[in-house]
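Here is the structure we will look at, set down as structure tokens.
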Amino acid sequence: MRETYVHGYHPRENERLQDQAGTLVDLLHSDTAYAGGNLVLEAGCGVGAQTVTLARRSPDARFTSVDVSVDSIAEAARRVERAGLTNVEFRQADIFTLPFDAESFDHAFVCFVLEHLARPVDALAILIGLLKPGGSITVIEGDHGSTYFHPDSSAAHAAIQCQIELQRLGGGNSLIGRQLYPLMVEAGLNAVRVSPRMVYVDSSRPELVDGFTRRTFTAMIEGIRKPALAAGLIEPESFDAGVRDLHRTTEADGVFCYTFFKGIGEKPRE
Ligand SMILES: C[S@@+](CC[C@H](N)C(=O)[O-])C[C@H]1O[C@@H](n2cnc3c(N)ncnc32)[C@H](O)[C@@H]1O
């Protein structure tokens, strides 16, 4: 079964995912490295924004990266090749019908995917089935409810709420970050540890102002203007005011905060 993917597959969305990955590498990946010889399944690799970092940081591990989108897989493969990496194999596949044998991977990695799935616990359970006993799953998700900024703006919050609502209507959950711990435990993982990864942006960090506030978060909200209006969630003037106010937070006195959540759990040995 294929779940709805709210962000779509446009080149601009691909660029946004690349910017997101580039800016957040240290925050999200500094504690992820896999041992030589380990087989790692990356589920929902998209255009390879995380794949390159994963494969580069663990050059002696072997990655199998899958996504339901053929076009995204093709782009991811090009990126990995351009990066000169040879430890990644790509497969087009749906998480809910993965073509792999049980217990054939040492680890699994999932980033910004569960938020799009109506059945995230089922997806995790499928991945657990593909892990060897004692193997780990690493999950990274955002939580749009963790967004706050200065100057504050009810219009900006209303525009963000459109994204939350659209994702909910599509069967997803953009507030999933705060639920990682219970979801991972429910799926059957042991020793689950979740850590918040807060992005704090002010004008002393121009690369984050541009890479995160402007080109990642605000670009994502701008990208849902058409569906938000079509769904009757907001009036055009209010939406545009909200986007303007998000851009306002990128000025010299502006501040923007967002929290990602990273969870790691183990497959029980028995
Ligand atoms: C927001 S993107 C994240 C991509 C990548 N993990 C990253 O962090 O940049 C979500 C990806 O999940 C993929 N996806 C959604 N549902 C899926 C499913 N059921 N099976 C496999 N991939 C899926 C989408 O095609 C999309 O590429």
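The values are calculated or read from the model by the stated rules, or taken from the named source; none is laboratory data. Only a predicted model underlies this, so the values are computations on that prediction, with no experimental measurement involved. Note that each Cβ is placed from the backbone with ideal geometry, even for glycine, and that neighbours are counted across all protein chains shown. Surface areas here come from the heavy atoms of the whole protein model, side chains and all, with no ligands, DNA or RNA. Shrake-Rupley method; radii C 1.70, N 1.55, O 1.52, S 1.80 Å.
Observations, loosely collected:
- Bridge type composition, the chain - antiparallel percent by DSSP, nearest 5: 50
- 3J(HN,Hα) along segment 163-178: 5, 4, 5, 4, 5, 5, 5, x, x, x, 8, 7, 10, 6, x, 5 Hz, from the Karplus curve 6.51 cos²θ - 1.76 cosθ + 1.60 with θ = phi - 60°, whole Hz, x for Gly and Pro.
- Between residue 57 and residue 252, the contour length at 0.36 nm per residue exceeds the alpha carbon distance by 66.7 nm.
- Within the accessible area of segment 185-259 (1.4 Å probe), percent carbon and sulfur: 50
- Cα centre as origin, Lys/Arg/Asp/Glu Cβ charges: the chain dipole, Debye: 320
- In order along segment 130-137, phi translates into HN-Hα couplings of 8, 8, 5, x, x, x, 10, 10 Hz, rounded to whole numbers, per the Karplus curve 6.51 cos²θ - 1.76 cosθ + 1.60 with θ = phi - 60° and x for Gly and Pro.
- Whole-Å distance, taken between Cα centres, linking segment 114-173 and segment 22-66: 20
- Estimated vicinal HN-Hα couplings, Hz - segment 227-236 in sequence order (Karplus 6.51, -1.76, 1.60; Gly, Pro = x): x, 5, 5, 4, 7, x, 7, 6, 7, x
- Segment 123-161 residues near the modelled residue 198 label - backbone nitrogen below 20 Å, point 7 Å along Cα→Cβ: 140-153, 157
- For residue 61, distant residues with modelled amide H under 5 Å away: 37
- Accessible area per residue in Å² at 1.4 Å probe, computed on the chain: 44
- Total formal charge among the other residues, if their Cβ is under 11 angstrom from that of residue 258, Lys/Arg +1 and Asp/Glu -1: 0
- Positive-pole candidate from 174, 218, 190, dipole of segment 112-270, charges at beta carbon: 190
- Cα-based shape type of the chain, given that a ≥ b ≥ c are square roots of the gyration tensor eigenvalues and the cut on a/c is 1.5: prolate
- Net charge dipole, segment 45-144: roughly 340 debye, given to the nearest 20, about the Cα centre with Cβ charges of +1 for Lys and Arg and -1 for Asp and Glu.
- With each label modelled as a point 7 angstrom along the Cα→C-beta vector, the residue 231-residue 210 pair spans 3.2 nm.
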